[in-house]
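Single-structure report; data block below.
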Amino acid sequence: MSDVAHANAAQGGSEPTEPWNDVREETNAATFGMWLFLGTELLFFGGLFLAYTVTWVTHPKGFVEAARKTDIWFGTVNTVVLFTSALMMAMAVRGAETGSRSLAWRALASTAALGAIFLIIEGFEFSKNVDQNLVPGPAFPINEQGAEIFFSLYWIMTVLHAIHLIIGVILVARFALLMRSAPLDIPDLPAYGLYWQFVTTIWIVFYPLLYLIGRAP
Amino acid sequence: MSNGGSPNIRALWLRNGAVWLALLLLLALSVGLAYSPLGGLNLAANLSIAAIMIGVVMFYFMELRRDSPLVRLTALGGVLWLLIMFWLTLNDYFTRLS
């Protein structure tokens, strides 16, 4: 450990882990690593966007007819919830940076809570869709070609997003607990902030694709 | 050490709150445009707004405006690979459609 790192730890800051010389270096590395990971995540979700584009172009009629069946209220309210959680996450990272422990842990706890609220609302949405048989299979109500593919994509996209969010809620809740006593300059925190914001940006693309299509008169 | 009431924190709330408000206004605009008769351009309009929202989140909430050129390049790199994937696949599908 370098002299800088000793001084930082002595003042109640984090100690860097090997091989980093100081916390700042470790934070930068974690941020860089997270962006690399998010690049692979973008390609992962990008495959779904691509499948969506191809099916939409090849079966426009059934696609739009199916898309009208999604509930815009659930989608819109959840978008607002997610935007608010993104605000809380940004405040948590900056709060920790400016040395405000109370802001940091409260904002993190709010982020996790809002993530959980999103999942609960989405649960109601899923149950409504299942009640209306909007699941590809023999009971599917729309007979147009491409309609079932839309709902296949709907389920894959929303469930994969929900899994990402569940992981996020667990990680952020853990950080909220840590933040009540641990040093404020936890090197991984900005990186997990990036993960949370990424999950929000994926939802920003999902929202028009799943909830806004085919609403115009 | 500053706490919840310091001017520093207040400025943070004001700035990030303004970003949040901008996102909500863009969302409202998006919904409004989705229900407007735009003659088939609705999805294009909505995706354009989505692109602006993503830009806002990346620039302000993900702090790309403060990051080093290396990190910005990495973020752009992901988009580049995505474009290559779309470009190659759609080249194939769209030339075989008719």
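The values are calculated or read from the model by the stated rules, or taken from the named source; none is laboratory data. Predicted model only: the values in this text are computed from it and were never measured. Cβ coordinates were reconstructed from backbone atoms using ideal geometry, including for glycine residues, and neighbour counts include every protein chain displayed. To get the accessible areas, we keep the full protein, side chains included, count just its heavy atoms, and leave off ligands, DNA and RNA. Shrake-Rupley method; radii C 1.70, N 1.55, O 1.52, S 1.80 Å.
Note on B:Leu29/B:Leu70: beta-carbon distance plugged into 1/(1 + (r/R0)^6) with R0 of 25 Å gives a FRET efficiency of 0.15.
Estimated at the nearest 10 Å², the accessible area of A:Ile156 is 80 Å² with a 1.4 Å probe.
Stretching A:Phe44 away from A:Trp73 to a fully extended chain increases their span by 7.7 nm, per 0.36 nm per residue minus the current alpha-carbon distance. Across segment A:2-109 the C-alpha pair distances fall into 10 Å bins from zero in the proportions 12, 21, 29, 18, 12, 7, 1 percent. Put a dot 7 Å past the Cα of A:Ser127, heading toward its Cβ, do the same for B:Thr95, and the two dots end up 5.1 nm apart.
Considering only alpha-carbon pairs that sit under 8 angstrom and 6 or more positions apart, the relative contact order computed for segment A:70-217 is 35 percent. The long axis of helix B:7-34 is offset from the longest Cα principal axis of chain B by roughly 30 degrees.
Rounded to the nearest 10 degrees, the inclination of helix A:147-178 to the longest alpha-carbon principal axis of chain A is 20 degrees. The heavy atoms of A:Thr58 offer some 50 square angstrom of accessible surface to a 1.4 angstrom probe. Rounded to 0.05, the FRET efficiency of the A:Trp155 and B:Leu47 pair, given R0 = 22 Å and the Cβ-Cβ distance, is 0.55.
Taken over the Cα atoms of segment A:157-217, the convex hull encloses 83 Å³ per residue.
Over the Cα atoms of chain B, the radius of gyration divided by the Kirkwood radius equals 1.13; this is the Rg/Rh ratio. Helical runs (DSSP H, four residues minimum) scored at -39500 (n - 2.57) apiece and divided by the length of chain A put the mean residue ellipticity at 222 nm at -26000 deg cm²/dmol.
Structural size metrics of the protein assembly as shown, computed from C-alpha coordinates, are Rg and Dmax of 21.3, 71 Å. Rounded to the nearest 10 degrees, the inclination of helix A:101-131 to the longest alpha-carbon principal axis of chain A is 20 degrees.
Can you tally the net charge around A:Met157? Count Lys and Arg as +1, Asp and Glu as -1, for every other residue whose Cβ sits under 14 Å from the Cβ of A:Met157. Residues close to A:Met157 contribute a combined charge of -3. Taking label points 7 Å from Cα along the Cα-to-Cβ direction, B:Ser36 and A:Gln11 give a separation of 5.2 nm. In loop segments of segment B:14-98 as defined by DSSP, the trypsin sites (Lys or Arg not before Pro) with at most 10 further C-beta atoms inside 10 Å of their C-beta are B:Arg65, B:Arg66.
Given R0 = 25 Å, the distance between the Cβ atoms of A:Ile167 and A:Leu36 translates into a calculated FRET efficiency of 0.90.
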